[in-house]
Amino acid sequence: MAEVKAIDIMCYLFTREAIKRDWYEQEEMARVVRWWHLEERVRGYTVPEFVAMLDEAGVDKVCIPAVKIMSYRTRQMIWDTPLEEVVDVVQQHPDRFIGFAGYNPLEVMRGVREVERAVREHGFRGVYIHSYGFGLPVNDRRFYPLYAKCAELGVPVSMQVGHSAEHMPSEMGRPIHMDDIALEFPELNLIGAHTGWPWADELIALAWKHENVYIGIDAHMPQYLDPALIRFMKGRGQDKVLYGTNWPVIPHQASLEQLEALGLSEPVKAKVLRDNAARLLRL
């Protein structure tokens, strides 16, 4: 049980319908479940069941994105969470769930309009992008209208960086691509999700260089975090690191127990688990 009630900056939609559709009906995602032996973790919950699980783990809020992922092989969408599904869950527990919009860079104007609607009409607090299957790095011009709109709206953009679990080119997720975005959009806060591994040093360098670049430690159990990232989190980067799980890949209870074992000071632990995200999301 975490003493500080955590904010998870990356948690997939957990309903039974979403889990079945997104993780099992699409072979590219089902392969990940089998390869990583995630069958016991990847199962759906009702809203009350999920809230009870968060309570037991000591998690206060989770950010839920309307994920959009394209297959690199077939050029078809393999994950296209309807905005309305996330809206429905968030509205049932707005004190616990924070909506993040998704974005398809091949449908620029439609994507920008949906992001604006999500933020202005439904109170979403950010956007999450997964660029790998589109075959585009995050500094591609087709993402720039999104970045401009999010800077205007005052919401952060979270982007997966590092390797891709799916069979997609990991080069699209090199953290160094974020350097261009941070330079072009100094008013836009950026979250490099998934730690940036195996290029964690690139993401650490950018978080230290740019005021508007943050690091999410989601998708990796804390015991496996890059040692350089742990040092950064304990020291000069303590204001730039955000707790997350990428649930259901990483379970909340186990991740918080392992984070506790890293030996963070109480002030640093409070920042990583809650304060940094609360400041970034203006909670």
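Bear in mind these aren't lab numbers, they're just calculated from the coordinates by the rules spelled out. Since the structure is predicted, the reported quantities are computational estimates derived from the model, not experimental observations. For neighbour counting, all protein chains shown are included, and Cβ atoms are generated from backbone atoms with ideal geometry for every residue, glycine included.
Can you list the residues, at least 5 places off or on another chain, whose amide H is less than 5 Å from the amide H of Trp79, using H built in the peptide plane? Under 5 Å from the amide H of Trp79 lie the amide H atoms of Ile69, each far enough along the sequence or on another chain.
The fewest-to-most ranking of Phe100, Phe143, Phe185 by surrounding Cβ atoms within 10 Å reads Phe185, Phe143, Phe100.
Rounded, prolate or oblate: which one fits the stretch 47-142, using the alpha carbon gyration tensor with axes a ≥ b ≥ c (rounded when a/c is under 1.5, else prolate when a/b beats b/c, else oblate)? It is prolate, given that a/c is not under 1.5 and a/b is the larger ratio.
Which of rounded, prolate or oblate describes the stretch 125-184 when judged by the alpha-carbon gyration tensor and an a/c cut-off of 1.5?
prolate
For the stretch 136-183, the Cβ-based charge dipole about the Cα centre amounts to some 120 debye (Lys, Arg positive; Asp, Glu negative; other atoms uncharged).
Here the stretch 163-209 and the stretch 26-46 have alpha carbon centers that stand 26 Å from each other. Sorting Ile176, Ile215, Ile204, Ile230 by the number of Cβ atoms found within 10 Å of their own Cβ, with the fewest placed first, yields Ile176, Ile230, Ile204, Ile215. Among Arg31, Arg21, Arg282, Arg125, the ranking by other beta carbons within 10 Å of each residue's beta carbon, starting with the fewest, stands as Arg282, Arg31, Arg21, Arg125. Note on Lys5: aspartates and glutamates with a C-alpha under 20 Å away, same-chain residues under 8 apart excluded, are Glu49, Asp55, Glu56, Asp60, Asp95, Asp218, Asp239, Glu257, Glu260, Glu266, Asp275.
Nearest 500 deg cm²/dmol is fine: what mean residue ellipticity at 222 nm does the chain get from its DSSP H runs of n ≥ 4 alone, each adding -39,500 (n - 2.57), divided by its residue count? List each step's numbers first, then the result.
Values: 12 runs with 103 residues, N = 283.
After summing the helix terms and dividing by the residues of the chain, the value is -10000 deg cm²/dmol.
If we count every other residue with Cβ under 10 angstrom of Tyr72's Cβ, Lys/Arg +1 and Asp/Glu -1, where does the sum land? With Lys, Arg at +1 and Asp, Glu at -1, the neighbours total 0. Where both bridge residues fall in the stretch 1-153, DSSP classifies roughly 25% of the beta bridges as antiparallel. Classify the chain as rounded, prolate or oblate from the Cα gyration tensor: take a ≥ b ≥ c as the square roots of its eigenvalues, call it rounded if a/c is under 1.5, otherwise prolate when a/b beats b/c and oblate if not. It is rounded, given that a/c, with a ≥ b ≥ c, falls under 1.5.
Enumerate by residue number the GluC sites (Glu not before Pro) in the stretch 68-176 meeting two conditions: DSSP loop (anything except H, G, I, E, B), and at most 15 other Cβ atoms within 10 Å of the site's Cβ. Those satisfying the criteria are Glu107. Comparing Cα centroids, the stretch 224-255 and the stretch 109-139 end up 24 angstrom apart.
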